Amino acid sequence: MKYRVAAPALIVFILGVLPMNVADCNASSDKTDVKISNGAQAGADHTTAGEGCNDLPQDVKVFLLKLARQNLEASVRGRPPVVPGNPPAITMDSCGCFVTLTKHGRLRGCIGYIEGIKPLFEAVIDNAKNAALADPRFPQVTPAELADIEVEVSVLTRPEPLPYASPQDLLNKLEPGKDGIILSKGYHQSTFLPQVWDQLPDKVEFLENLAVKGGLPADGWKTADVKRYRAVHFHE
């Protein structure tokens with residue numbers, strides 16, 4: 001399998017039936033290989049991440065994709081997880097991450113951790129399994145589907161608060177195509193990864209859909225707490 005650097009892609013997250021810090025996501029992805037979000041490269045001015053979370057070498061991307069593929073197949077076939085004996089040191093950093101599965105270009109499963117709650121390589125193992133077997137929107141992936149499924153890994157910078165004085169002020173501060181956004185209010189929380197801007201380029205529409213996905217009214221974003229982050233994403 002070959003990997004190459006290509007143009008930006010896209011992803012999302014929603015929190016609802018899953019535990020805090022664990023999220024499912026809607027994703028859309030084309031079929032180009034090993035993608036790096038422009039936002040992840042350009043956004044260091046207002047994001048903070050564990051060392052390495054937004055600066056992964058090419059060989060580490062390949063390692064993580066292979067690890068995700070191995071654990072996708074192991075989980076679907078009912079085998080024990082594949083745990084590397086000596087993972088790259090950079091993957092020992094705790095980073096938020098998602099694993100997205102697509103089949104013929106359509107979402108087939110996506111689960112992730114929005115926060116860095118465990119080492120990156122362990123998060124990839126968990127989320128490859130969960131995307132295949134625990135995404136509540138889809139039936140479990142079957143062995144017969146494996147050959148048709150493509151794997152994408154997204155690694156997130158640490159979310160940072162995005163204060164705003166008014167709804168218009170928030171709209172002015174958003175950077176479409178770069179910002180991943182988390183909305184939270186009371187027990188409601190949801191996120192869209194930066195790639196979702198490709199589907200929802202209008203700022204108001206983006207925030208309204210994100211609010212509704214989190215169980216808020218469409219205008220709930222106007223009074224919600226907001227955080228933003230950036231993502232590096234790459235796939236087979």
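Only a single item in (1) farther than 18 Å from TYR229 by Cα; (2) among the β-branched types (Val, Ile, Thr); (3) in contact with a helix residue (DSSP H, G or I) (Cβ under 7 Å, 6 or more places away or on another chain) is not met by VAL62, and it is number (3). Among the residues of the range 147-170, the one identified as acidic (Asp, Glu), closer than 28 Å to ASP219 by Cβ and in a strand (DSSP E or B) is GLU160.
Return the total of residues in the range 189-208 being in a helix (DSSP H, G or I) and over 18 Å from THR100 (Cβ atoms). I'd like the intermediate steps shown before the answer.
Step one: list which residues in the range 189-208 are in a helix (DSSP H, G or I), which gives 194-198, 203-208.
Restricting the remaining residues to those that are over 18 Å from THR100 (Cβ atoms) gives 203-208.
Within the range 189-208, residues that are in a helix (DSSP H, G or I) and over 18 Å from THR100 (Cβ atoms) number 6.
Cβ-Cβ distances below 6 Å connect no pair with a first residue in the range 156-177 that is among the hydroxyl-bearing types (Ser, Thr, Tyr), a second residue that is loosely packed, with under 14 Cβ neighbours inside 10 Å, and a separation of six or more residues or different chains.
Note on the range 136-151: among residues that are charged (D, E, K, R) and either at pLDDT below 95 or exposed (fewer than 13 other Cβ atoms within 10 Å of the Cβ) (or both), the one that is farthest from the chain's Cα centre (by Cα) is ASP148.
Of the residues screened, CYS97 is one that is of a type in the set (A, V, I, L, M, F, W, C), under 28 Å from ALA147 (Cβ atoms) and either in contact with a Gly (Cβ under 7 Å, 6 or more places away or on another chain) or free of Cβ contacts under 8 Å to residues at least 24 places away in the same chain (or both). Out of LEU107, LEU64, LEU133, one residue alone is at pLDDT 95 or above and in contact with a Cys (Cβ under 9 Å, 6 or more places away or on another chain). It is LEU64. The residue of the range 176-224 that is nearest to SER166 (Cα to Cα), among those that are touching a helix residue (DSSP H, G or I) at 6+ places or on another chain (Cβ under 7 Å) and basic (Lys, Arg), is LYS222.
The values are calculated or read from the model by the stated rules, or taken from the named source; none is laboratory data. A quick note: this is a predicted structure, and the numbers were derived from the prediction, not measured. Don't worry about glycine lacking a Cβ; one is built from the backbone with ideal geometry, like all the others, and counts go over all protein chains shown.
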